[in-house]
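Chemist: One structure, as structure tokens, below. Some questions next.
What follows draws every value from the coordinates through simple rules; no lab data is involved. Just so you know, these numbers come straight off a predicted model, no measurement behind them. We place every Cβ from the backbone using ideal geometry, glycine too, and count neighbours over all the protein chains shown.
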Amino acid sequence: MNSLKTGQFYGQTNEITHLKGLTLTDTEYTQSNVDWHYHENAYFTFILEGSVIEGNKKETYHCTAGNLLFHNCQEAHNNIKPKGFTRGFHIELEQSWFNAFQIDHDSIQGSINILNPNMRIQMYNIFKETMLDGRMGSIVIDSLLIELFSQMAGFQESFKRENPSWVYRIREILHDTRSESWTLLALAETLAIHPVHLSRNFAKYFHCNLGEYIRALKIQRSLSLLPDKSFSLTDIALECGFSDQSHFIRTFKAVNQITPSSFRKLLSK
């Protein structure tokens, strides 16, 4: 089984940035099939465009733009790339980086498909800082990554204990259906729980309130559509459940500190 060293990924490397303990790689996936392999460092895979299917010992992930995976070091996996252009952003983390910030990544086992939209938005913003500042953005990238690992640890704790069934059901509903079609009463009725119970307890498991989670889902969805030039900003706004383009731009800028059109330009670099 092949072991890939720091900065090595199957495909065409468009850009690589070395920071202290970190290697950030912008890669175009060019091989339709990649056999079982592993990497010497723990790393994130973030799909910017296109799609890829990744299999590990336990699961298979069908990843499209906006999907975020974390792999612990030496975790074996394989890949299948469907037809079309696929681009990924990778962050490799050396043991020295974890040691410097006293982060125990061994508690995060195997490969993880990170579903939380706030964490995915965090990775888009790490990508943004890389494109804007490169090496000069090291302090910001370190800070964002530390926050991301803190969020991951919190969610691992929330979801490893035995949770009520409605917690998993509402995540499925919110991720798989258009959020604007739901009201608090309708969600509570579907989940067979009281709306007050839902409203009060949502943050216990998702670390934000229901409205914030829905907004993050809409923003994360818009970020995944921005690379596709066939979608205008108005198209994206309506597709993601915003009332109009102005509402979309205001909300997007409040979350990402940059306009959608400017972020689109960064994705095109």
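Chemist: Please list, in chain and number order, the residues 5+ apart from His39 or on another chain whose amide H is under 5 Å from its amide H, with Hs placed from the backbone.
Modeler: Amide H to amide H, under 5 Å and 5 or more residues apart or across chains, His39 pairs with Leu4, Gln74, Glu75.
Chemist: If you place +1 on the Cβ of every Lys and Arg and -1 on the Cβ of every Asp and Glu, how big does the dipole about the Cα centre of the chain come out, in debye to the nearest 20? Provide the component values of the computation, followed by the final result.
Modeler: Numbers: 26 positive and 28 negative charges, 106 e Å.
Rounded to the nearest 20 debye, it is 500 debye.
Chemist: Once fully extended, how much extra length lies between Lys229 and Lys83, figured as 0.36 nm per residue of separation less the alpha-carbon to alpha-carbon distance?
Modeler: 50.7 nm
Chemist: Ok, one more. Net charge around Asp244, counting only other residues with Cβ within less than 14 Å of its Cβ (Lys, Arg = +1; Asp, Glu = -1)?
Modeler: My count for the surroundings of Asp244 gives -1.
Chemist: Additional query: Using alpha carbons only, how many angstrom separate the centre of the stretch 190-269 from the centre of the stretch 31-69?
Modeler: 24 Å
Chemist: List nothing, just return the count: lysine pairs in the stretch 2-159, 8 or more apart or interchain, with Cα separation under 20 Å.
Modeler: Lysine pairs meeting both conditions in the stretch 2-159 amount to 4.
Chemist: Once you place label points 7 Å from the Cα toward the Cβ at Ile173 and Glu189, how far apart are they in nm?
Modeler: In this crude label model, Ile173 to Glu189 measures out at 1.1 nm.
Chemist: Under 12 Å Cα to Cα from Lys265, which aspartates and glutamates show up? Leave out anything in the same chain fewer than 8 places away.
Modeler: Within the straight-line cut-off, Lys265 pairs with Asp228.
Chemist: How large is ³J(HN,Hα) for each residue in the stretch 254-269, as worked out from phi by the Karplus curve 6.51 cos²θ - 1.76 cosθ + 1.60 (θ = phi - 60°), to whole Hz, x for Gly and Pro?
Modeler: Result, rounded to whole Hz: 5, 7, 10, 6, 7, 7, x, 5, 5, 5, 4, 5, 4, 5, 8, 5.
Chemist: Moving on. Mind sorting His90, His247 by how few other Cβ atoms lie within 10 Å of their own Cβ, fewest first?
Modeler: On the way: His90 21, His247 12.
Lowest count first: His247, His90.
Chemist: Something else about it: I need the phi-derived Karplus couplings for the stretch 19-36: 6.51 cos²θ - 1.76 cosθ + 1.60, θ = phi - 60°, integer Hz, Gly and Pro marked x.
Modeler: 10, 5, x, 10, 10, 10, 10, 9, 10, 8, 6, 10, 9, 5, 9, 10, 6, 3
Chemist: Oh, and also: I'd like the Karplus ³J(HN,Hα) series for the stretch 177-182: coefficients 6.51, -1.76, 1.60, θ = phi - 60°, whole numbers in Hz, and an x wherever there's a Gly or Pro.
Modeler: Along the stretch 177-182, the couplings run 10, 6, 5, 5, 7, 10 Hz.
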